[in-house]
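Scroll down for the structure; my scribbles are underneath it.
The values are calculated or read from the model by the stated rules, or taken from the named source; none is laboratory data. Everything numeric in this text was worked out from a predicted model, so none of it was measured. Because the Cβ atoms are built from the backbone with ideal geometry, glycine has one as well, and the counts that use them run over all protein chains shown. Note: accessible area is taken over every heavy atom of the protein model, side chains too, but ligands, DNA and RNA are not part of it. Shrake-Rupley method; radii C 1.70, N 1.55, O 1.52, S 1.80 Å.
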Amino acid sequence: MKTAVFNTKPYDRKFLEEANKSFGHELVFFEPHLTPETCKLAFGFEAICVFVNDRLDKNILTLLAEHGTRLIALRCAGFNNIDIKAAGELGLTIARVPAYSPHGVAEHAVALILALNRKIYRAHHRVREGNFSIDGLLGFELYGKNVGVIGTGKIGTNLARIMQGFGCNILAYDPVENPDCQKIGVKYSSLDELFAQSDIISLHLPLVKDTYHIIDASALAKMKPGVMLINTSRGGLINTAAVVEGLKSGKVGYLGLDVYEEEEEIFFEDLSGDILQDDTFARLLTFPNVVITGHQAFFTHTALKNIAETTLQNIADFEQGELSLVNTVTVNK
Ligand code: NAD
C-alpha cells in the first residue's frame, strides 16, 4: 500500500525497509513531523504512518481525509496524540502497535531507579575528572523497599517482577487488577495507600483525560518525604511545576523521567547548539537528584524490529480488510 511515513529518523527507515522486504508496500519517507504545513506531503496517500510526537488534531485529520487518506498507522502503542473521535467521524481507521517492548521499557525504568539510588551519573562524571571522592554519593538499598506501581498492564507487570528480584515489596494500583500480578504476590491497594506507603513510585498507565496530572501537588502531599518518582509512560501524567516545587522542598527525593509533558518541542532532535526555551525543563536539569532521558525507554533492537513488522502487517491487514481489533483504536479504547 502506498504509505507516507512521517517523522522518519535513520533508524526508523532502516528497520522499516528491512521488514518491508516481506511486505512490498510502497513506502515514501519524510523527515518532518506531521503538521498542518507538512500534511500536504500526505495528500494522495491512502495510508500515513506517524509516531508519538505527531499531533493529529481534527484539523489535520479533516485535511487528510479530504485528500484520500483512509488509514493512520501509528508506530507506537499510545494514541493520546490523536483526536480519536474526530478520526472515527471522518471514517479514518487507526492502527497501532499494542506491544513492542514491554521488557525494554520496564528495564529502562529500572535503569533510572538504579542510576538515581546509587547516583551513578554523578559518580561517572567525578571519576572521569579524576575526582574519586565518594562524599555526596551515599545511596540506599532497594532490598525491603516498597515500590508502588501505578498501572499493571504489560510494562507495569514486568517492572513488578524485576523489582521483586531485588527483594522489594510491590504495591499496585490499577482499576483493573491483573491476575498475572496477583499470582506473583503483588498487593493491590487504593491510590492513596500506594502514595502513603511507597518509597519508589513508577507510572505505567496511559495518558487519558482522567489520568492527566495524576501526580500533582495533592498527590505529592500524600507521599513519603524523599520519595523516588519514575515516569516512563507519558509526560502529561505529571504536573511538572508541582514536582519542581516538591524537589525544592525535599518532598521528592529523586526523579527519573523518560517523558516530559512538553517533550513535543524538544525530544528526538539534536538541540545541543540551541538556547533551551522551556524554563521548567531547564529548572529540572539543575537538580542533582534528577535523571532525564529523551523518550528512549522503547529504543531497543527488539522493539524497532517489532514496531516495523507490526506496522507493516497492520497496513497489509487493512488492505485485506482484516485488521485485528486489538491493533485498531476506537473511541472506547
Ligand atoms: P497496558 O495497556 O498494557 O497497561 C496499562 C495499564 O494501565 C492497564 O492495566 C490499565 O488498566 C491501567 N490503567 C488505566 N487507567 C489507569 C488509572 N487511572 N490508574 C491506574 N492504572 C490505570 O500498557 P503498557 O504497554 O504497559 O504501557 C504503559 C504506558 O507506557 C503507556 O502509557 C505507554 O504510552 C507507555 N510507553 C512508553 C514507552 C517509552 O518509550 N517511554 C514505550 C511504550 C509504552
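Which of the residues spanning segment 197-208 are open to solvent by 50 Å² or more (accessible area, probe 1.4 Å) and under 20 Å from MET223 (Cα atoms)? Can you show your working first?
If we filter segment 197-208 for residues that are open to solvent by 50 Å² or more (accessible area, probe 1.4 Å), which is where we start, we get 197, 206, 208.
Answer for segment 197-208, where residues must be open to solvent by 50 Å² or more (accessible area, probe 1.4 Å) and under 20 Å from MET223 (Cα atoms): just GLN197.
Checking each residue in segment 134-146 for being touching a helix residue (DSSP H, G or I) at 6+ places or on another chain (Cβ under 7 Å) and either aromatic (Phe, Trp, Tyr) or assigned to a loop (DSSP other than H, G, I, E, B) (or both) picks out LEU137, GLY139, PHE140, LEU142. Take the conditions (1) under 30 Å from ALA19 (Cα atoms); (2) polar (S, T, N, Q); (3) open to solvent by 30 Å² or more (accessible area, probe 1.4 Å); THR286 misses just one of them, which is (1).
Report the residue count in segment 132-167 for those that are surrounded by fewer than 12 Cβ atoms within 10 Å (Cβ to Cβ) and of a type outside the set (D, E, K, R). Step through it out loud before you land on a result.
Step one: of segment 132-167, the residues surrounded by fewer than 12 Cβ atoms within 10 Å (Cβ to Cβ) are 132-136, 138, 141, 143-144, 165, 167.
When the remaining residues are screened for being of a type outside the set (D, E, K, R), the result is 132-134, 136, 138, 143-144, 165, 167.
Looking only at that region, the number is 9.
The C-beta contact set for segment 174-190 (first residue assigned to a loop (DSSP other than H, G, I, E, B), second residue open to solvent by 90 Å² or more (accessible area, probe 1.4 Å), distance under 8 angstrom, 6+ apart or interchain) comprises ILE184/ARG161. Exactly one residue among VAL186, VAL176 is in the same structural domain as GLY256 (by TED's automatic domain parsing), open to solvent by less than 50 Å² (accessible area, probe 1.4 Å) and not charged (D, E, K, R), and that residue is VAL186. Among the residues of segment 90-115, the one identified as in a helix (DSSP H, G or I) and at pLDDT below 95 is PRO102. Number of residues in segment 71-97 that are farther than 18 Å from PHE318 by Cα, small (Gly, Ala, Ser) and within 14 Å of the ligand (Cβ to nearest atom): the value is 1. Suppose the filter is closer than 18 Å to ILE201 by Cα and either open to solvent by 30 Å² or more (accessible area, probe 1.4 Å) or among the small types (Gly, Ala, Ser) (or both); does GLY256 pass it? Against the criterion (closer than 18 Å to ILE201 by Cα and either open to solvent by 30 Å² or more (accessible area, probe 1.4 Å) or among the small types (Gly, Ala, Ser) (or both)), GLY256 qualifies. Kindly indicate whether ALA172 is out of contact with any Pro (no Cβ under 9 Å at 6 or more places or on another chain) and within 13 Å of the ligand (Cβ to nearest atom). It is true that ALA172 is out of contact with any Pro (no Cβ under 9 Å at 6 or more places or on another chain) and within 13 Å of the ligand (Cβ to nearest atom). Contact annotation: residue pairs with Cβ atoms under 7 Å, 6 or more positions apart or on different chains, pairing a residue in segment 126-150 that is within 22 Å of VAL110 (Cβ to Cβ) with a partner that is in a loop (DSSP other than H, G, I, E, B) and of a type in the set (A, V, I, L, M), are ILE150/LEU205.
Here are ARG70, ARG55, ARG96: which of them is within 17 Å of GLU26 (Cβ to Cβ), open to solvent by 10 Å² or more (accessible area, probe 1.4 Å) and not assigned by TED's automatic domain parsing to the domain that holds PRO206? Lay out the reasoning, then the answer.
Values: ARG55 fails: within 17 Å of GLU26 (Cβ to Cβ); ARG96 fails: within 17 Å of GLU26 (Cβ to Cβ).
Every option except ARG70 fails the conditions.
With the condition kept exactly as written, say whether any residue in segment 228-243 is open to solvent by 10 Å² or more (accessible area, probe 1.4 Å), farther than 25 Å from LYS119 by Cβ, without any contact (Cβ under 8 Å) to a residue 24 or more places away in the chain and out of contact with any Leu (no Cβ under 6 Å at 6 or more places or on another chain). Taking every residue of segment 228-243 in turn, none turns out to be open to solvent by 10 Å² or more (accessible area, probe 1.4 Å), farther than 25 Å from LYS119 by Cβ, without any contact (Cβ under 8 Å) to a residue 24 or more places away in the chain and out of contact with any Leu (no Cβ under 6 Å at 6 or more places or on another chain).
How about segment 8-43: which of its residues are open to solvent by 10 Å² or more (accessible area, probe 1.4 Å) and either assigned to a strand (DSSP E or B) or in contact with a strand residue (DSSP E or B) (Cβ under 8 Å, 6 or more places away or on another chain) (or both)? Result: THR8, ASP12, ARG13, GLU17, ASN20, HIS25, GLU26, LEU27, VAL28, PHE29, PHE30, LEU41. Could you figure out which of (1) outside the structural domain of LEU159 (by TED's automatic domain parsing); (2) in contact (Cβ under 8 Å) with a residue 12 or more places away in the chain isn't true of GLU89? Every listed condition holds for GLU89 apart from (2). Every condition in (1) over 27 Å from LEU285 (Cα atoms); (2) open to solvent by 40 Å² or more (accessible area, probe 1.4 Å); (3) charged (D, E, K, R); (4) within 16 Å of the ligand (Cβ to nearest atom) is met by GLU107 except one, and the failing one is (1).
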